[in-house]
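Q: Here's a structure for you.
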Amino acid sequence: MKSARPVLFALLLSSAASAQQLSHAVERSPAEWTFHTRWKDAEGQRHAVDYGLPGAGVRADLREPTVLDLEAVAQDVAVAVRTAAADMPGIEATVAVSGGDIRIDARGRTRDQVQAALDALAVVRDAAWDRELAARDHFKLTDTGVTADHARLAARYADGLRPLVDALGGPGSSPRAFADRALGFVQSIPYDQGLRRNGGYRRPMSVLGRNQGDCDSKTVLFLALMRSAWPDVDAAIVYVPDHAFALLDIPREKGDETVKFDGGKWVAVEPVGPALRPVGALGDKSAAGRKRWEEVRVVPR
């Protein structure tokens, strides 16, 4: 079996005004990391946030691998396949792992018996892949690619990001008002070219700790902030070829770009930056893919 490969998310370049982070400083102690960030928006207005996050949480995220070890996943999957094969009378099966690839061979008394065994072991293999990926916060996005379970991670990080929500002014008068503030902050975080090259993903505390992120990493940070500030507002991540962006189920305004999903039109949001785009505006690649998306995953409550 050809194993799934990590999905590579690409940088969107645009002629729109770019987010500008004016300064970023961190005070580190064992108990807390204190962040001081200043940035300028498209209108030239300056913004500032000062907030603290638990040091243990930031350090744990910084230690998280940015790229999934597919060979380790395949080795665990192979154990499940070998266990199932051992319970098949008259079948001798070998399961080989090479990198993230799994090869299953079998011998038996008849061709039909061997084929039936291979078919059954393929079912075991596929179920084990799904199970082992989920245990590592990943899932199969396509037949040939895997990605982090961004929606699930956004929900998981919401509570821990409350200090940043408060520093951004709290929930405010409406979900859109908060989304605009959070969006400018996230867009101004420098783009991580290294993640783009290796198809990696950086978790929210690591994005803040390193002050870098790519499209899916920054989208998860934005969605986690939204879930923290407005827990009753449905939000989602949209996967289009080589890219990801966010959706909010909020009232639409004139000119909003939307995605049809779950019986309604959800407002699209482009957190990646550096282009400064308000809520409801997308870059060219996202706009081209919003009607032929690969998958939409809702942030669980």
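Q: Condition check: touching a Gly at 6+ places or on another chain (Cβ under 6 Å), free of Cβ contacts under 8 Å to residues at least 60 places away in the same chain and more than 29 Å from GLU27 (Cβ to Cβ). Does VAL259 satisfy that?
A: The answer is no for VAL259.
Q: Now a separate question. Can you tell me how many residues in the range 38-49 are surrounded by 14 or more Cβ atoms within 10 Å (Cβ to Cβ) and not β-branched (Val, Ile, Thr)?
A: Qualifying residue count, the range 38-49: 6.
Q: Considering each residue of the range 219-235, count those that are surrounded by 23 or more Cβ atoms within 10 Å (Cβ to Cβ) and over 22 Å from ASP69 (Cα atoms), and give that number.
A: Number satisfying all stated conditions: 11.
Q: Give the residues of the range 120-149 that are touching a helix residue (DSSP H, G or I) at 6+ places or on another chain (Cβ under 9 Å), assigned to a strand (DSSP E or B) and farther than 21 Å from ALA84 by Cβ, sorted by residue number.
A: HIS138, PHE139, VAL146, THR147, ALA148
Q: Taking the residues in the range 50-80 that are charged (D, E, K, R) and surrounded by fewer than 15 Cβ atoms within 10 Å (Cβ to Cβ) as candidates, determine which candidate is nearest to the chain's Cα centre (by Cα).
A: So, considering only residues that are charged (D, E, K, R) and surrounded by fewer than 15 Cβ atoms within 10 Å (Cβ to Cβ), the one nearest to the chain's Cα centre (by Cα) is GLU64.
Table: residues versus (1) hydrophobic (A, V, I, L, M, F, W, C); (2) at positive phi; (3) modelled with pLDDT of 95 or more.
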position	(1), (2), (3)
ARG152	no, no, yes
ASP159	no, no, yes
PRO175	no, no, yes
ARG197	no, no, no
GLY200	no, no, no
MET205	yes, no, yes
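Q: Considering LEU248, LEU225, which residue is touching a Pro at 6+ places or on another chain (Cβ under 7 Å), under 23 Å from LEU208 (Cα atoms) and either at pLDDT 95 or above or not assigned by TED's automatic domain parsing to the domain that holds ASP159 (or both)?
A: Criteria check complete, one pass: LEU248.
Q: Check the range 156-171 and report whether any residue there is part of a loop (DSSP other than H, G, I, E, B) and either of a type in the set (D, E, K, R) or in contact with a Pro (Cβ under 6 Å, 6 or more places away or on another chain) (or both).
A: Among the residues of the range 156-171, not one is part of a loop (DSSP other than H, G, I, E, B) and either of a type in the set (D, E, K, R) or in contact with a Pro (Cβ under 6 Å, 6 or more places away or on another chain) (or both), which makes the answer no.
Q: When the residues of the range 176-194 are narrowed to those that are part of a helix (DSSP H, G or I) and among the hydrophobic types (A, V, I, L, M, F, W, C), which ends up surrounded by the fewest Cβ atoms within 10 Å (Cβ to Cβ)?
A: ALA177
Q: Condition (residue is in contact with a Leu (Cβ under 9 Å, 6 or more places away or on another chain) and either free of Cβ contacts under 8 Å to residues at least 12 places away in the same chain or surrounded by fewer than 24 Cβ atoms within 10 Å (Cβ to Cβ) (or both)) applied to the range 210-217: is it met by at least one residue?
A: Among the residues of the range 210-217, at least one is in contact with a Leu (Cβ under 9 Å, 6 or more places away or on another chain) and either free of Cβ contacts under 8 Å to residues at least 12 places away in the same chain or surrounded by fewer than 24 Cβ atoms within 10 Å (Cβ to Cβ) (or both), which makes the answer yes.
Q: Free of Cβ contacts under 8 Å to residues at least 40 places away in the same chain and in the same structural domain as GLN193 (by TED's automatic domain parsing), is that true of GLN45?
A: When the stated conditions are applied, GLN45 passes them.
Q: I would also like to ask the following. Within the range 103-118, is even one residue modelled with pLDDT of 95 or more, under 20 Å from ARG202 (Cα atoms) and in contact with a Leu (Cβ under 7 Å, 6 or more places away or on another chain)?
A: No, the range 103-118 contains no residue that is modelled with pLDDT of 95 or more, under 20 Å from ARG202 (Cα atoms) and in contact with a Leu (Cβ under 7 Å, 6 or more places away or on another chain).
Q: Filter the range 101-119 down to the residues that are part of a strand (DSSP E or B) and free of Cβ contacts under 8 Å to residues at least 24 places away in the same chain, then identify the one that is nearest to the chain's Cα centre (by Cα).
A: ASP105
Q: Among all residue pairs at least 6 apart or on different chains, which show Cβ distances below 8 Å where the first residue, located in the range 174-195, is within 27 Å of GLU64 (Cβ to Cβ) and the second is basic (Lys, Arg) and buried (at least 21 other Cβ atoms within 10 Å of the Cβ)?
A: Final answer for the pair search is LEU183/ARG277; VAL186/LYS218; GLN187/LYS218; GLN187/ARG277; ILE189/LYS218; ASP192/ARG202; LEU195/ARG202.
The values are calculated or read from the model by the stated rules, or taken from the named source; none is laboratory data. If you're wondering where the values come from, they're calculated on a predicted model, not measured in any experiment. FYI the Cβ positions are ideal-geometry reconstructions off the backbone, even for glycines, and counts take in every protein chain you see.
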